[in-house]
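Here is the structure we will look at.
The values are calculated or read from the model by the stated rules, or taken from the named source; none is laboratory data. In this text the structure is predicted, and so the values were computed from the model without any measurement. With ideal geometry, Cβ positions are generated from the backbone for all residues, glycine too; neighbour counts draw on all protein chains shown. The accessibility values were calculated without ligands, DNA or RNA, using every heavy atom of the protein model including side chains. Shrake-Rupley method; radii C 1.70, N 1.55, O 1.52, S 1.80 Å.
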Amino acid sequence: MKTVRLKVYGIVQGVGMRPVVARHATSCGVTGTVANLGPYVEIFAQGDEDKVDDFVRLIEEQPPKRAAILKIDNRTLDDAPIYDSFEIIESGKTSGEIFVSPDIAICDECLEELYDKKNRRYLHPFINCTCCGPRLTILDSLPYDRERTSMKEFPMCEKCASEYHDPETRRYDAQPVCCNDCGPEVFILDDPENRRGRDAITYARKLLSEGGIVAVKGIGGFHIACDAYNEDAVRRLRELKHRPAKPFAVMMKSADVVRAHCEMLPLQEEILKGHQKPIILLERKDVSGLARSVAPGNPKLGVMLPYAPLQSLLFDYDDGITMPDTLIMTSGNISGLPICRDDDDARREIARFCDAILTHNRKIRIRADDSVMDFYNGKPYMIRRSRGYAPLPYMMSEDLKGSVIAYGGELKNTFCIGVNNLFYPSSYIGDLTDLRGKAVLAESVERMETLLETKPQLAVCDLHPSYNSSLAAEESGLPLVRVQHHYAHILSCMAENDYHGECIGVSFDGTGYGTDGTIWGGEILKCSPSDFTRLGSIRPFLQTGGDAASKEGWRIAVSMLIDICGSRAEEILGRLNLIRNGNFKMHKAMHDGKLNSVVSTSAGRLFDAVSAILGIRYENTFEGEASTALMYEAMKCKSHVAACDYELTGEYIETDMIVRDLVQRRLAGEDPRELAYRFHRLLGEAAAEFVSANAGTVRTAALSGGCYQNTLLLDITKKALENRGFNVLIHSLIPPNDGGISIGQAFYGMNKLKDGGI
Ligand SMILES: [Zn+2]
Ligand SMILES: [Zn+2]
């Protein structure tokens with residue numbers, strides 16, 4: 001007879017750990033108990049030695065499908081009580097390292113039952129099981145039990161309760177379990193006809209099929225949907241949302257539909273159909289008959305599959321309505337702001353875009369926008385890490401102690417909580433350009449601190465004094481450290497790669513506050529986890545025109561060319577048609593008098609300027625439009641670029657030389673696509689050369705910042721650095737853009753605590 005106590009760490013709550021353990025125990029003939037203890041699942045197992053060993057092996061080899069076991073502590077106990085049977089015991093409560101499961105997309109078994117006329121959950125909009133359903137977004141506190149979720153308002157009917165308590169069913173211990181008799185209900189919001197349940201779904205489908213716009217409450221917030229084939233509907237949505245060109249994501253009925261419209265790698269298909277179901281940016285096929293306005297001029301399409309049962313029902317229902325197989329599914333928010341979470345948000349912010357709002361009465365506790373994933377080199381390259389991924393923690397190999405809260409940046413905000421060697425990046429909050437965003441940030445931070453049962457000792461924020469995220473950090477009342485924006489980007493890349501040594505960071509980004517009060521954004525930084533030195537940057541230029549310059553790349557181009565072209569500036573600007581507003585004299589006066597101007601090294605603004613010089617895009621109607629278009633033009637060019645005859649590095653990365661070279665070639669009539677490629681090539685090579693010349697003994701480089709969403713620039717820089725003998729760290733599941741910097745800030749904060757610097 002042997003008794004062991006196991007502590008199983010990882011994603012073990014809300015994934016059916018206890019019932020699987022109980023089944024393994026029964027099959028091995030072992031007695032004992034299993035309990036959720038918050039940070040871990042605790043198991044006592046008793047029986048013949050070989051049976052107990054078999055049982056432990058089974059847990060390791062056949063954990064629940066959605067579990068992610070990080071560690072099992074196994075201790076043999078000398079004196080233990082005798083167990084007659086194997087029991088699941090109710091959740092106890094302790095605190096410490098906690099793992100909260102992200103929301104899980106509907107599983108294949110549930111999808112099958114959803115459309116099985118004989119099943120009692122036929123067409124039930126909230127069907128779920130031990131393997132699937134909402135988790136993070138319905139959770140109040142841990143441990144994960146129904147009474148601590150927003151399902152507590154829906155007492156189980158007798159049948160659901162018996163499934164919940166029967167280890168033989170797929171719903172044993174599944175907290176959100178419900179059915180048509182006992183679950184939440186869908187309805188049309190503020191509907192004079194009070195359509196509920198079936199009527200509500202049919203009404204929404206009818207509107208969509210007729211070209212209407214319908215908001216739909218999902219797992220982590222509202223979406224706005226319309227028929228993606230209907231040009232009028234899509235264009236109307238663009239007008240209502242004041243969103244002229246930014247691509248919309250689409251939801252397709254099945255992988256077959258995706259295959260008909262897009263190219264798909266096997267791994268992309270696997271992730272698209274998997275339990276996280278992010279939006280994946282896929283290359284479009286020419287045959288796609290979708291409305292032109294879905295993603296105008298964009299060779300890629302953001303695609304996802306239905307992940308909530310209600311979304312499947314929009315495509316497939318028994319009401320005889322013929323539905324399109326592809327719907328626009330864009331976040332239900334005012335552009336950039338946090339996604340709407342409850343009916344009041346929806347009434348206030350999106351009702352005016354919509355012909356109807358299909359909502360339900362299961363509350364969303366924490367927002368979770370859809371994650372957005374690109375691919376680089378056959379691997380995931382995250383653009384927005386949120387639903388399905390947050391708040392999975394990153395575990396560092398380094399021994400770190402304490403707790404910090406990092407408030408992130410101003411755009412694409414996320415925050416990150418660090419507890420010892422675990423880092424929990426939050427789901428996507430959005431832009432904090434107004435106070436609503438800031439309020440959502442503060443509320444979400446509080447909720448995550450409660451969920452993780454931690455009280456941070458230290459807050460970390462950006463150096464920018466007037467970011468709303470910095471203000472939220474100040475209001476926390478905690479001791480506060482500030483981290484320079486572009487250093488935080490490199491720290492985020494180090495954290496993602498669990499790298500704790502020195503590296504040279506290439507931080508190519510939009511704009512951020514520099515330590516000298518100027519605008520930074522094209523930086524080469526020598527970094528360690530606790531400090532950095534600015535080795536150099538792209539050549540500073542004058543960013544004239546104030547706020548307009550960040551949207552209108554032609555203004556940057558004008559200012560640059562006045563410097564670069566000297567007495568020929570007026571003639572050249574004229575030939576390139578770059579002055580879009582006002583006249584040369586006015587811009588020259590603004591430039592010379594440094595009116596409304598700042599000194600800038602922003603790589604993002606450089607991309608905007610080059611896009612304008614090449615006549616690709618003169619301005620941004622959404623963030624990144626000009627630079628993304630420049631990348632896509634460059635990608636169309638397959639020709640080889642000859643080396644540059646100029647020396648491109650010296651005191652700075654000599655971006656002036658690159659721009660001069662491009663202008664000369666453009667005036668000589670060279671193809672803008674080739675020049676777009678040439679720009680990427682020269683910039684990437686010049687950055688690598690600068691790193692190489694200034695790295696000293698450091699042999700590791702890290703690439704981060706919003707410009708590294710550009711996978712062509714990423715590829716060129718990475719290879720150029722590798723050719724010079726560097727080991728290159730890049731991102732994968734943490735975004736290179738501002739959505740990633742919170743983990744970098746938290747990493748810095750934890751290292752400060754370790755160094756005793758606070
Ligand atoms: Zn399921
Ligand atoms: Zn029920």
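Conditions (1) under 14 Å from Ile504 (Cα atoms); (2) at pLDDT 95 or above; (3) open to solvent by 10 Å² or more (accessible area, probe 1.4 Å), marked per residue:
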| site | (1), (2), (3) |
| --- | --- |
| Phe679 | no, yes, no |
| Arg699 | yes, yes, yes |
| Cys707 | no, yes, yes |
| Leu713 | no, yes, no |
| Asn723 | no, yes, yes |
| Asn727 | yes, yes, yes |
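I'd like to check which helices (runs of 4 or more DSSP H) are fully inside the range 176-280 and have at least 1 residues that are away from ligand 2 (no atom under 16 Å from the Cβ), closer than 30 Å to Glu158 by Cα and at pLDDT 95 or above. Quick ask: steps written out before the conclusion?
On the way: elements: 197-209, 231-241, 255-261, 266-273.
Answer list for the range 176-280: 197-209.
Filtered by the rule that a residue be open to solvent by 10 Å² or more (accessible area, probe 1.4 Å) and at negative phi, the range 398-424 gives Glu398, Asp399, Lys401, Tyr407, Glu410, Leu411, Val419, Asn421.
Pairs linking a residue in the range 172-194 that is open to solvent by 30 Å² or more (accessible area, probe 1.4 Å) and among the polar types (S, T, N, Q) to a residue that is within 11 Å of ligand 2 (Cβ to nearest atom) and at pLDDT 95 or above, with Cβ atoms under 8 Å and 6 or more positions apart or on different chains, are Asn180/Arg120; Asn180/Arg121; Asn180/His124. Elements of the type strands (runs of 3 or more DSSP E) sitting completely within the range 9-90 and holding at least 3 residues that are at pLDDT 90 or above and hydrophobic (A, V, I, L, M, F, W, C): these cover 40-47.
Of the residues making up the range 99-123, those that are within 30 Å of the chain's Cα centre (by Cα), crowded, with 21+ Cβ neighbours inside 10 Å and either under 14 Å from Glu163 (Cβ atoms) or of a type in the set (A, V, I, L, M) (or both) number 5.
So, in the range 399-448, exactly how many residues are within 20 Å of Gly739 (Cβ to Cβ) and either of a type in the set (Asp, Glu) or assigned to a loop (DSSP other than H, G, I, E, B) (or both)?
Just the residues of the range 399-448 that are within 20 Å of Gly739 (Cβ to Cβ), to begin with: 404-418, 422-434, 436-445, 447-448.
Those left that are additionally either of a type in the set (Asp, Glu) or assigned to a loop (DSSP other than H, G, I, E, B) (or both): 407-412, 414-415, 426-429, 431-434, 443.
Residues in the range 399-448 being within 20 Å of Gly739 (Cβ to Cβ) and either of a type in the set (Asp, Glu) or assigned to a loop (DSSP other than H, G, I, E, B) (or both): 17 in total.
For the range 331-344, the set of residues classified as open to solvent by 10 Å² or more (accessible area, probe 1.4 Å) and either at pLDDT 90 or above or in contact with a Ser or Thr (Cβ under 7 Å, 6 or more places away or on another chain) (or both) consists of Ser331, Gly336, Arg341, Asp342, Asp343, Asp344, listed by residue number. In this entry, Val599 is excluded by the filter for residues that are touching a Phe, Trp or Tyr at 6+ places or on another chain (Cβ under 6 Å), in contact (Cβ under 8 Å) with a residue 60 or more places away in the chain and among the aliphatic types (A, V, I, L, M).
From the list Arg352, Arg367, Arg348, the one residue that fits, being out of contact with any strand residue (DSSP E or B) (no Cβ under 7 Å at 6 or more places or on another chain), free of Cβ contacts under 8 Å to residues at least 12 places away in the same chain and among the basic types (Lys, Arg), is Arg348.
Taking every residue in the range 511-523 that is within 14 Å of Thr533 (Cβ to Cβ) and pairing it with any residue that is modelled with pLDDT of 95 or more and buried (at least 24 other Cβ atoms within 10 Å of the Cβ), at least 6 positions away or on another chain, the pairs with Cβ-Cβ distances below 6 Å are Gly514/Trp520; Trp520/His486; Trp520/Thr601; Glu523/His486; Glu523/Ser507; Glu523/Ser537. Would you check if Lys159 is away from ligand 2 (no atom under 14 Å from the Cβ), open to solvent by 60 Å² or more (accessible area, probe 1.4 Å) and either outside the structural domain of Asp316 (by TED's automatic domain parsing) or not hydrophobic (A, V, I, L, M, F, W, C) (or both)? It is false that Lys159 is away from ligand 2 (no atom under 14 Å from the Cβ), open to solvent by 60 Å² or more (accessible area, probe 1.4 Å) and either outside the structural domain of Asp316 (by TED's automatic domain parsing) or not hydrophobic (A, V, I, L, M, F, W, C) (or both). Whether a residue is out of contact with any strand residue (DSSP E or B) (no Cβ under 6 Å at 6 or more places or on another chain), among the β-branched types (Val, Ile, Thr) and open to solvent by 20 Å² or more (accessible area, probe 1.4 Å) was assessed, and Ile658 does not pass this test.
Within the range 549-563, the residues that satisfy the criterion of being crowded, with 19+ Cβ neighbours inside 10 Å and more than 23 Å from Ala488 (Cβ to Cβ) are Ala549, Glu552, Gly553, Trp554, Arg555, Ile556, Ala557, Val558, Ser559, Met560, Leu561, Ile562.
Every residue, every condition in (1) in contact (Cβ under 8 Å) with a residue 60 or more places away in the chain; (2) open to solvent by 30 Å² or more (accessible area, probe 1.4 Å); (3) more than 22 Å from His275 (Cα to Cα), yes or no:
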| position | (1), (2), (3) |
| --- | --- |
| Arg5 | yes, yes, yes |
| Arg18 | yes, no, no |
| Gly29 | no, yes, yes |
| Ala35 | no, no, yes |
| Lys51 | no, yes, yes |
| Glu60 | no, yes, no |
| Ala67 | no, no, no |
| Leu70 | yes, yes, no |
| Ile88 | yes, yes, yes |
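Being in a helix (DSSP H, G or I) and open to solvent by 20 Å² or more (accessible area, probe 1.4 Å) narrows it down to one of Glu685, Glu651, so name that one.
On inspection, the qualifying residue turns out to be Glu685.
From Lys438, Lys379, grab the single residue that is among the charged types (D, E, K, R) and surrounded by 21 or more Cβ atoms within 10 Å (Cβ to Cβ).
Values: Lys379 fails: surrounded by 21 or more Cβ atoms within 10 Å (Cβ to Cβ).
After ruling out the rest, the residue left standing is Lys438.
Where residues in the range 261-291 are in contact (Cβ under 8 Å) with a residue 12 or more places away in the chain and charged (D, E, K, R), which of them is least open to solvent (accessible area, probe 1.4 Å)?
First pass over the range 261-291, keeping only residues in contact (Cβ under 8 Å) with a residue 12 or more places away in the chain: 261-265, 267-269, 271-285, 287-291.
Filter once more, so that each one left must be charged (D, E, K, R): 263, 269, 273, 277, 283-285.
Working: Glu263: 94, Glu269: 37, Lys273: 102, Lys277: 17, Glu283: 111, Arg284: 55, Lys285: 64 Å².
The extreme case among them is Lys277.
Restricting attention to the range 465-481, the residues that are more than 23 Å from the chain's Cα centre (by Cα) and either open to solvent by less than 40 Å² (accessible area, probe 1.4 Å) or within 17 Å of Asp516 (Cα to Cα) (or both) total 3. Among the helices (runs of 4 or more DSSP H) confined to the range 561-622, the ones with at least 1 residues that are farther than 15 Å from Asp547 by Cα and assigned by TED's automatic domain parsing to the domain that holds Leu683 are located at 603-613. Criterion first (away from ligand 2 (no atom under 16 Å from the Cβ) and surrounded by fewer than 17 Cβ atoms within 10 Å (Cβ to Cβ)) does Asp145 satisfy it? No; evaluated as a whole, the condition is false for this residue.
Do we find a residue being under 22 Å from the mean Cα position of the chain (by Cα), hydrophobic (A, V, I, L, M, F, W, C) and within 17 Å of Gly706 (Cβ to Cβ) anywhere in the range 440-448? Looking for residues that are under 22 Å from the mean Cα position of the chain (by Cα), hydrophobic (A, V, I, L, M, F, W, C) and within 17 Å of Gly706 (Cβ to Cβ), one finds none in the range 440-448, hence no.
A quick yes/no check of all residues on (1) touching a Ser or Thr at 6+ places or on another chain (Cβ under 7 Å); (2) of a type in the set (Phe, Trp, Tyr); (3) surrounded by fewer than 20 Cβ atoms within 10 Å (Cβ to Cβ):
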position: Ala459; (1), (2), (3): yes, no, no
position: His489; (1), (2), (3): yes, no, no
position: Met494; (1), (2), (3): no, no, no
position: Gly512; (1), (2), (3): no, no, no
position: Gly521; (1), (2), (3): yes, no, no
position: Thr533; (1), (2), (3): no, no, yes
position: Gly536; (1), (2), (3): no, no, no
position: Leu542; (1), (2), (3): yes, no, yes
position: Asp547; (1), (2), (3): no, no, yes
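Taking the range 143-174, which residues are in a loop (DSSP other than H, G, I, E, B) and either in contact with a Pro (Cβ under 7 Å, 6 or more places away or on another chain) or away from ligand 1 (no atom under 13 Å from the Cβ) (or both)?
First, pick out the residues of the range 143-174 that are in a loop (DSSP other than H, G, I, E, B): 143-145, 154-157, 166-174.
If the condition is that a residue be in a loop (DSSP other than H, G, I, E, B) and either in contact with a Pro (Cβ under 7 Å, 6 or more places away or on another chain) or away from ligand 1 (no atom under 13 Å from the Cβ) (or both), then Pro143, Tyr144, Asp145, Phe154, Pro155, Met156, Cys157, Asp166, Pro167, Glu168, Tyr172, Asp173 are the ones that fit.
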